[in-house]
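Taking it in order: structure first as structure tokens, then the write-up.
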Amino acid sequence: MVKRPAFYLALLLCGMFTVPACAGSRQDAGEVLRIGVITSLTGSAAAFGQAHKNGYTIALDELNAAGGVMGKKIDLVYYDDQSRPDQAVQGVNKLVDQDGVPIILGAYSSENTRAIVPAVTQKSIPLVMPTATADNVLETGSPWVFRICAGSSAYAAATLDFLKAMDAPKSMAIVYENTNFGQSNADAMDKAARAAGFDVVDSEAYQASSPDYKALLQRVKARNPAIIYFASYLLDASTLMRQASQTNLNPQYYTSAGTGFAAAEFPTRDKGAGPYAEYTFSVSQWLPTARWKGSKEFDDAFFKLTGTHPAYHAMQAYAALLTATAAIRQANSAEPAAIRDALKAINLPETPFGPIKFDEHGQNPHQVLITQVLEGQYKVVYPPEAAETKPVVPTPPWDTRRAK
Amino acid sequence: MDVYAALQAVINGLLTGALYALIGMGLALIFGVMRIVNFAHGAFMMLGMYVTYVLFTRTGISPYALFIVTGTILFAFGYVVYFALMRPIHGQSDFMQILLTLGVGLICTDAVQLIFGADYHQINIPLQDTNFRIGPNISVNAPWVVSFGIACVLALALYLFVMRTMTGRAARAIAQNRYAAPLMGINVFRVQAISFAVGSAAAGIAGALLLPVFYLYPGVGDQFTLKAFVMVVLGGMESIVGAALAGLVLGVVENLTSLYWGNEWALAVDFAIFVLVLSLKPSGIFGRQTV
């Protein structure tokens with residue numbers, strides 16, 4: 001016989017797993033138009049998922065205040081992929097089969113976005129990608145996927161342009177987290193750097209969520225690169241920079257493929273690297289000071305919502321929902337195929353994120369910037385026409401910084 | 001790679017390894033006395049981190065003092081979990097007990113997520129900005145050193161508890177023969193409860209000591225459950241000294257692998273050793289002695 005407490009515990013556990021599956025129902029023909037969102041609200045990428053949610057919320061409020069679309073209010077149906085690719089795929093099934101959404105926005109990470117491309121293609125549902133920078137999210141040639149953000153090749157190219165403009169020494173180490181985002185950005189940089197005549201002296205993959213990168217940083221230090229290019233998420237970026245100081249690693253340039261190094265939390269003491277973030281360069285897709293109309297207003301709305309200023313991830317989510325809604329409006333239909341065709345033809349010359357128009361691969365050719373953390377703030381330092389200030393190079397060695 | 005880099009990696013490995021050791025000893029103690037692998041062990045460590053985090057943000061007292069409070073709370077928690085959940089299924093199949101601990105772990109993780117959200121947190125103490133330099137090439141970060149010192153003292157205390165106290169002797173007796181021990185007048189439930197509570201406290205304290213050098217989120221404990229399991233197997237299943245040594249070895253091996261082969265190999269090597277030990281010397285590298 002089963003003794004009671006264990007039996008009830010088992011029941012409880014079963015309950016925990018089955019309840020989420022029953023929630024939700026199909027798109028009703030009534031007054032709302034549902035749009036599916038997959039992002040990482042829990043798990044290691046939760047900070048970025050929350051940024052997504054804030055961006056979507058601001059866009060949703062604006063759009064609904066202006067009357068919604070096709071006379072209906074817009075409703076967002078979120079699916080939390082728990083920062084796991086298998087869950088993201090589950091999300092596509094759930095959003096399409098149970099909620100009947102005609103379009104999906106997401107996911108957050110490159111890893112999870114790459115995982116859902118086959119699923120949306122198979123179900124013939126258009127997917128707008130706000131933040132996946134790995135270039136392989138478009139490699140299948142699926143006609144159903146559209147990417148708002150610039151990709152890893154654009155990141156590498158912008159970083160190299162900046163380094164060439166600065167006349168930087170040509171030895172580089174690449175340090176990257178070993179999932180799709182990191183690998184894709186490391187590959188893109190490796191290729192582009194060699195083509196540009198840089199000497200890639202070291203390439204280090206690591207597992208994010210490790211408490212200790214000191215041995216890795218020692219390896220990098222032994223090769224003595226003038227430039228380090230990081231492709232990291234937030235928790236690892238903070239740990240890497242703290243431990244770079246502990247290992248006394250002093251390259252002339254700390255550069256990075258955005259993401260962790262461009263997160264709003266990264267330069268803060270409470271949730272990021274604090275003073276250790278200082279002087280790091282990053283690729284950035286957007287800043288509150290961007291010259292696009294509506295950037296300032298978005299910043300204000302974000303500040304009102306959260307009490308902090310946004311990084312580009314929130315803006316990309318905002319722009320993704322804006323684009324999706326514009327496509328639905330243009331298609332004047334909630335049919336996935338009609339929305340897909342409208343997305344292919346869409347041309348939004350003025351959004352707060354900049355112009356949005358997809359090429360034949362579904363890529364929006366978005367221009368990226370180079371920023372540097374100076375006194376805890378992201379400042380644009382390149383290209384010159386957008387620069388707010390001059391970059392501080394070479395990076396001051398850790399010993400001289402501690403004196404302050 | 002010069003000799004200093006290797007030396008630095010060994011030092012870093014020992015610093016991390018001492019915390020691993022504390023986690024592993026807790027698990028080994030529970031395994032020895034109860035014959036079950038506590039899959040909630042990492043979750044208990046995570047609870048220790050959250051308890052310390054909450055106390056630190058409320059009071060501002062250093063985690064290096066708060067770990068005592070955390071240990072006490074986790075001790076009480078372990079004691080209650082034992083009597084409320086583990087004892088009722090005493091004597092049932094091992095499989096059921098293992099599933100029960102897995103369930104307890106899941107509930108802890110999800111409860112913390114419900115209360116604190118999935119977002120991660122970190123704490124800042126002035127000590128984090130201090131590095132000790134030994135010669136021109138070796139440097140160690142102060143919080144790691146303090147955590148190491150405390151972990152060593154506690155590991156020694158745990159060892160003395162098991163070897164010298166009446167309860168410790170009783171625990172070893174149960175580990176030796178759990179059918180004969182009650183015949184000798186040992187109150188098995190009481191000793192198991194205390195062992196489970198002490199094991200939980202060790203995990204919780206390790207969490208408290210890890211807090212200043214790491215970050216916390218509800219799922220943070222998972223990887224440590226696995227590591228602790230590896231340590232217990234390396235250490236010869238029920239030997240707490242073995243588990244402690246295995247913790248240090250694991251820390252050093254991870255760092256050296258990371259240094260010579262790259263960070264992404266560190267976990268692979270952990271588990272390669274694990275598989276090799278299980279297939280070639282199942283009694284563990286440091287096997288033989290019990291509890």
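The values are calculated or read from the model by the stated rules, or taken from the named source; none is laboratory data. On a predicted model such as this, the values are computed, not experimentally measured, just so you know. Here the Cβ is made from the backbone with ideal geometry for all residues, glycine too, and neighbour counts use every protein chain on show.
Residue by residue through the range B:90-141, note down the ones that are buried (at least 16 other Cβ atoms within 10 Å of the Cβ) and hydroxyl-bearing (Ser, Thr, Tyr). Once the filter is applied, which keeps residues that are buried (at least 16 other Cβ atoms within 10 Å of the Cβ) and hydroxyl-bearing (Ser, Thr, Tyr), the range B:90-141 yields B:Thr101, B:Thr109, B:Tyr120, B:Ser139. The criterion of at least 1 residues that are in contact with a strand residue (DSSP E or B) (Cβ under 7 Å, 6 or more places away or on another chain), touching a residue at least 40 places away in the same chain (Cβ under 8 Å) and not assigned by TED's automatic domain parsing to the domain that holds A:Tyr276 is met by the following helices (runs of 4 or more DSSP H) wholly inside the range A:289-404: A:312-331, A:336-345.
Taken over the range A:252-263, residues that are part of a loop (DSSP other than H, G, I, E, B) and either surrounded by 23 or more Cβ atoms within 10 Å (Cβ to Cβ) or within 11 Å of another protein chain (Cβ to nearest Cβ) (or both) amount to 3.
When the range A:205-235 is examined, which residues are found to be among the small types (Gly, Ala, Ser), within 8 Å of chain B (Cβ to nearest Cβ) and not in a loop (DSSP other than H, G, I, E, B)?
Of the range A:205-235, the ones among the small types (Gly, Ala, Ser) are A:205, A:208-210, A:215, A:222, A:226, A:231-232.
If we keep only those that are within 8 Å of chain B (Cβ to nearest Cβ) as well, we get A:205, A:209-210, A:215, A:222.
Within the range A:205-235, A:Ala205, A:Ala215, A:Ala222 qualify.
For B:Leu160, indicate whether it is facing chain A (nearest Cβ under 8 Å), in a helix (DSSP H, G or I) and over 30 Å from A:Arg401 (Cβ atoms). Judged against the criteria, B:Leu160 is not a match. Taking the conditions exactly as written (assigned to a helix (DSSP H, G or I), at negative phi, touching a Gly at 6+ places or on another chain (Cβ under 7 Å) and small (Gly, Ala, Ser)), does B:Gly204 satisfy them or not? Criteria met by B:Gly204. Selection of the range A:118-133 for residues being at negative phi and of a type outside the set (A, V, I, L, M) yields A:Pro118, A:Thr121, A:Gln122, A:Lys123, A:Pro126, A:Pro130, A:Thr131, A:Thr133. Considered as a group, the residues in the range A:272-287 that are within 14 Å of chain B (Cβ to nearest Cβ) and buried (at least 24 other Cβ atoms within 10 Å of the Cβ) include one that is nearest to A:Tyr155 (Cα to Cα), and that residue is A:Ala277.
Is it the case, given these coordinates, that A:Gly272 is in a loop (DSSP other than H, G, I, E, B) and touching a helix residue (DSSP H, G or I) at 6+ places or on another chain (Cβ under 7 Å)?
On the way: in a loop (DSSP other than H, G, I, E, B): yes; touching a helix residue (DSSP H, G or I) at 6+ places or on another chain (Cβ under 7 Å): yes.
Yes, satisfied.
Does the range B:38-54 include one or more residues that are free of Cβ contacts under 8 Å to residues at least 60 places away in the same chain and more than 12 Å from every other protein chain (Cβ to nearest Cβ)? Break it down into steps so the answer makes sense when it comes.
The initial filter retains those residues of the range B:38-54 that are free of Cβ contacts under 8 Å to residues at least 60 places away in the same chain, namely B:54.
Restricting the remaining residues to those that are more than 12 Å from every other protein chain (Cβ to nearest Cβ) gives B:54.
Within the range B:38-54 (the criterion being free of Cβ contacts under 8 Å to residues at least 60 places away in the same chain and more than 12 Å from every other protein chain (Cβ to nearest Cβ)), the answer is yes, since at least one residue qualifies.
Which of the residues spanning the range B:93-121 are at the interface with another protein chain (Cβ under 7 Å from one of its Cβ atoms) and outside any helix (DSSP H, G or I)? Across the range B:93-121, the qualifying residues are B:Ala118, B:Asp119, B:Tyr120. Of everything in the range A:189-204 that is surrounded by fewer than 23 Cβ atoms within 10 Å (Cβ to Cβ), in a helix (DSSP H, G or I) and not charged (D, E, K, R), the residue that is nearest to the other protein chains (Cβ to nearest Cβ) is A:Ala193. Scanning the range A:331-346 for residues that are under 16 Å from A:Lys73 (Cα atoms) and surrounded by 17 or more Cβ atoms within 10 Å (Cβ to Cβ) yields one hit, A:Ala334.
Residues in the range B:122-142 that are more than 23 Å from the chain's Cα centre (by Cα), within 11 Å of chain A (Cβ to nearest Cβ) and either part of a strand (DSSP E or B) or touching a residue at least 40 places away in the same chain (Cβ under 8 Å) (or both): B:Asn131, B:Phe132, B:Arg133, B:Asn137, B:Ile138, B:Ser139. Filtering the range B:212-229 to residues that are more than 12 Å from chain A (Cβ to nearest Cβ) and surrounded by fewer than 21 Cβ atoms within 10 Å (Cβ to Cβ) leaves B:Leu226, B:Phe229. Applying the set (1) more than 30 Å from B:Pro218 (Cβ to Cβ); (2) without any contact (Cβ under 8 Å) to a residue 60 or more places away in the chain; (3) more than 7 Å from every other protein chain (Cβ to nearest Cβ) to A:Thr239 leaves exactly one unmet item: (1).
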